[in-house]
1. For segment 1-107, what are the per-bin percents of Cα-Cα distances with bins 10 Å wide, up to the bin holding the maximum?
2. Let me test this: with uniform point scatterers at the alpha carbons of segment 44-176, what is the Debye-based log₁₀ I(q)/I(0) at q = 0.18, 0.19 1/Å?
3. Please compute the net charge surrounding Ala17, taking Lys and Arg as +1 and Asp and Glu as -1 over other residues with Cβ under 13 Å from its Cβ.
4. Got a sec? Charge dipole of the chain, +1 on Cβ for Lys and Arg, -1 for Asp and Glu; which of Ala33, Val229, Ala199 is way out at the positive end?
5. If Lys and Arg each add +1 and Asp and Glu each add -1, what is the summed charge of the other residues whose beta carbon sits under 12 Å from the beta carbon of Gly26?
6. Whats the longest run of the chain with zero trypsin sites (Lys or Arg not before Pro) that are DSSP loop and have at most 14 other Cβ atoms within 10 Å?
7. Using each residue's phi in segment 79-93, evaluate 6.51 cos²θ - 1.76 cosθ + 1.60 at θ = phi - 60° and report the 3J(HN,Hα) Karplus result to the nearest Hz, with x for Gly and Pro.
8. With the alpha-carbon atoms as the only input, what is the per residue convex hull volume for the chain in Å³?
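No lab work stands behind these numbers, since they all come straight from the coordinates. These numbers were taken from a predicted model, which means no experiment stands behind them. Here the Cβ is made from the backbone with ideal geometry for all residues, glycine too, and neighbour counts use every protein chain on show.
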Amino acid sequence: LPTREAAVSHALALIAAGADILDIGGESTRPGADPVSEKQELERVLPLVAEIRARSQIPISIDTMKPAVARAAVATGANIWNDVTALTHDPSSLATAADLGCDVVLMHMKGDPKTMNAEARYGDVVREVCAYLAGRAAAAVAAGVAPARIWLDPGLGFAKTAEHSLTLMTALARIVALGFPVLLGASRKSFLRAIDPAAERADQRLAGSLAATIRGAEAGVAVVRVHDVAETRQALDAWAAFNPPSA
């Protein structure tokens, strides 16, 4: 794990490169990842959130499935709760989100990081992901989360084969049409290797990641979660310049 000093330095570099939001997490959600305890997660993220907040007013997203971690992070200065389980991990998640009153990202995933690869089975992946996200948004609203606070994330690579993720990329407009801001996390994902088998390592997927970002912009997604901030900012600025708003 990086030291806190290295993490803060990286965060400041991302801000300087043009990031609009920082996403901070203390538990890996990669396929096969082991869970960490609530105590360990709090020890990892709270000092970092506090340090960044002391240096910048940039919005901070806390990437956690644990309500207690979300609550503590928001109290420390985070603004957004990014939950890969769409507020299903804990029975108190929905009520906590409503009580916090912060923006909430609801992501589609089946199973958990340990089991999700085995759960990648769908009859119609686009229809099923859309139905799930719409259902979780409705559950959040019923629990007291303001509709304007809800974002949706199709969860590319989470309980999805490369083919599933590519199919979702072609149908992003259907997710946008659900009526909530959509967060797209395609950066460096392994499904890009299906397009270019030579891109074995994550850091060899910049071009594919930029293409996915532009595809997202064309489909109307609101936020892209990326690793290569400066390059993505330039690509999006160029795309916007090439596509000025209609008079």
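1. Each 10 Å bin holds this share of Cα pairs: 15, 49, 31, 4.
2. Scattering profile of segment 44-176, log10 relative to I(0): -0.98, -1.05.
3. Values: positive: Arg233; negative: Asp20, Asp228, Glu231, Asp237.
Residues near Ala17 contribute -3 overall.
4. Checking the options against the dipole of the chain, the answer is Ala199.
5. Values: positive: Arg4, Lys39, Arg44, Lys66; negative: Asp23, Glu27, Glu38, Glu41, Glu43, Asp63.
Neighbourhood net charge equals -2.
6. On the way: sites that count: Lys114, Arg121, Arg201.
Here the longest segment lacking exposed loop sites spans 1-113.
7. 10, 9, 9, 9, 10, 5, 9, 6, 6, 10, 5, 10, x, 8, 4
8. Numbers: hull volume 33.3 nm³, N = 247.
Measuring per residue, one finds 135 Å³ for the Cα hull of the chain.
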